[in-house]
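Novice: First, the structure itself, so that you have it in front of you.
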Amino acid sequence: MSLSVLSRKEKEKVIRRLLIQAPPGEFVNAFDDLCLLIRDEKLMHHQGECAGHQHCQKYSVPLCIDGNAVLLSHHNVLGDYRFFDYQSKLSFKFDLLQNQLKDIQSHGILRNETEYLRAVVLCALKLYVNDHFPSGNCNVLRKTVKSKEFLIACIEDHSYETGDYWNGLWKSKWIFQVNPFLTQVTGRIFVQAHFFRYVNLHVEISKDLKESLEVVNQAQLALNFARLVEEQENTFQAAVLEELQELSNEALRRILRRDLPVTRTLIDWQRILSDLNLVMYPKLGYVIYSRSVLCNWII
């Protein structure tokens, strides 16, 4: 169906869905390509802003504010397309298309025991991230749900190598309630890769985890939490590498392409050539096959 016959609402829905599906690091490329098709600058700008806000939350897009890393997620959304940073105590809008902060405002926070614990956990998590990720980023956020305090730790690292035809993202999220004595940690590790040189291959791997942590004091809780994250992510990484090693080039070829039949009989090539109805062009020096026949022979 041509885009010209769609109503405005239908166009908005299609554009938003396509932009949200853009892999990590490729949102701007997808937006530029759609602009060439839609040719409606006002419509694309509005939908790009909406979809970009969701894209940032979905893939934990990292920013740098006052020298500190900030990961955007739905946990630090204030509404009206605004995010909040606990370190700088600022709220802001982020334009993903322009890679620019906008409408920056101060935003106060309640300094209590949970806030001090958040800062201690962030320090411990940074030590782990700096040791294990080439250019990783992490954040620890606070959330109050029905008078219960939660800490949300987010980790992100990526490598966007568009020139080499691949992009990759590693991110994880860990949530635990601020309880005395014992707390349960809920985690999710997510890896996504996109290869698009010879094939358009998307790889997504994720794992959900639940573990318990003993609560002694703030320092011990922070160290135990960082150690737990390290152990779980190391185990996950080892399992992923083991799976990928089994998927050798030969295995991938068998999965992605159709196998040829093995007949174990002598092939009469002369008869096959006559059946293909070859048309020879001696001056051009090549053979043209019937397209319908070729399609059946493509591996």
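Novice: Per residue, how big is the convex hull of the range 51-165 when only Cα atoms are used? Give it in Å³.
Specialist: Spelled out: Cα convex hull of the range 51-165, divided by residues, is 125 Å³.
Novice: Which FRET efficiency value, to the nearest 0.05, do you get for THR162 and ARG227 by plugging their Cβ-Cβ distance into 1/(1 + (r/R0)^6) with R0 = 45 Å?
Specialist: 0.80
Novice: Moving to a separate point now. Would you tally the net charge around CYS154, using a Cβ to Cβ cut-off of less than 10 Å, leaving CYS154 out, and scoring K and R as +1, D and E as -1?
Specialist: +1
Novice: To continue, here is another question. Roughly how much of LYS89 is accessible, in Å² to the nearest 10, using a 1.4 Å probe?
Specialist: 60 Å²
Novice: With no solvent and one equal point scatterer placed on each C-alpha of the range 123-255, evaluate the Debye formula and give log10 I(q)/I(0) for q = 0.09, 0.12, 0.16, 0.20 Å⁻¹, two decimals.
Specialist: Here the Debye-derived log intensity ratios amount to -0.34, -0.56, -0.87, -1.20.
Novice: Also, quick follow-up: From the mean inverse distance of alpha carbon pairs (Kirkwood) and the Cα radius of gyration, derive Rg over Rh for the range 116-194.
Specialist: Using Cα coordinates only, the ratio equals 1.08.
Novice: Roughly how many Å² of ASP208 are accessible to a 1.4 Å probe, to the nearest 10?
Specialist: 100 Å²
Novice: So how strong a dipole does the range 8-106 carry about its Cα centre when Lys and Arg Cβ are +1 and Asp and Glu Cβ are -1, to the nearest 20 debye?
Specialist: 360 debye
Novice: Let me ask you something else. Please provide three numbers in whole Å: the alpha-carbon extents of the range 8-106 along the principal axes, with the largest listed first.
Specialist: 41, 22, 20
Novice: On to the next question. Report, in listed order, any pair from LYS89/LYS126; LYS13/LYS102; LYS58/LYS173; LYS42/LYS89 with a Cα-Cα distance greater than 21 Å.
Specialist: As for pairs spanning more than 21 Å Cα to Cα, those are LYS13/LYS102; LYS42/LYS89.
Novice: Send over a whole-number figure in Å² for the accessible area per residue of the range 8-106, probe 1.4 Å.
Specialist: It amounts to 53 Å² per residue over the range 8-106.
Novice: Under a 1.4 angstrom probe, counting protein chains only, how are SER159, SER73, SER147 ranked by accessible area, largest first?
Specialist: SER147, SER159, SER73
Novice: Can you give me the % of accessible surface on the range 8-106 that is carbon or sulfur? Probe 1.4 Å, all protein chains present, nothing else counted.
Specialist: 48 percent
Novice: Now for a separate question. Counting only residues 5 or more places away or on other chains, whose amide H sits under 5 Å from the amide H of LEU72 once H atoms are built in the peptide plane?
Specialist: HN-HN under 5 Å from LEU72: VAL61, LEU63.
Novice: Which number comes out as Rg/Rh for the range 152-217 once both Rg and the Kirkwood Rh are worked out on C-alpha atoms?
Specialist: Computed over Cα atoms, the ratio is 1.21.
Novice: Counting only protein heavy atoms and a 1.4 Å probe, tell me what percentage of the range 128-170's accessible area is made up of carbon and sulfur.
Specialist: That fraction is 49 percent.
Novice: Can I ask one more? What's the local net charge at LYS102, with K and R +1, D and E -1, over the other residues with C-beta under 11 Å away?
Specialist: Net charge in that neighbourhood comes out at -1.
Novice: Between HIS45 and VAL77, what's the calculated FRET efficiency when r is the beta-carbon distance and R0 is 30 Å? Round to 0.05.
Specialist: Step by step, r from the Cβ atoms, then E = 0.90.
Novice: Please report the accessible area of TRP166 (heavy atoms, 1.4 Å probe, ligands and nucleic acids excluded) in Å², nearest 10.
Specialist: In the full protein context, TRP166 sits at about 90 Å².
Novice: How much area per residue is accessible in the range 123-255 when the probe is 1.4 Å and only protein heavy atoms are counted (Å²)?
Specialist: Per residue, the range 123-255 has 59 Å² of solvent-accessible surface.
The values are calculated or read from the model by the stated rules, or taken from the named source; none is laboratory data. Owing to the predicted nature of the structure, the values given are computational and were not obtained by experimental measurement. In this analysis, Cβ positions are derived from the backbone assuming ideal geometry, glycine residues included, and neighbour counts consider all displayed protein chains. For accessibility, only protein heavy atoms count, side chains too; no ligands or nucleic acids. Shrake-Rupley method; radii C 1.70, N 1.55, O 1.52, S 1.80 Å.
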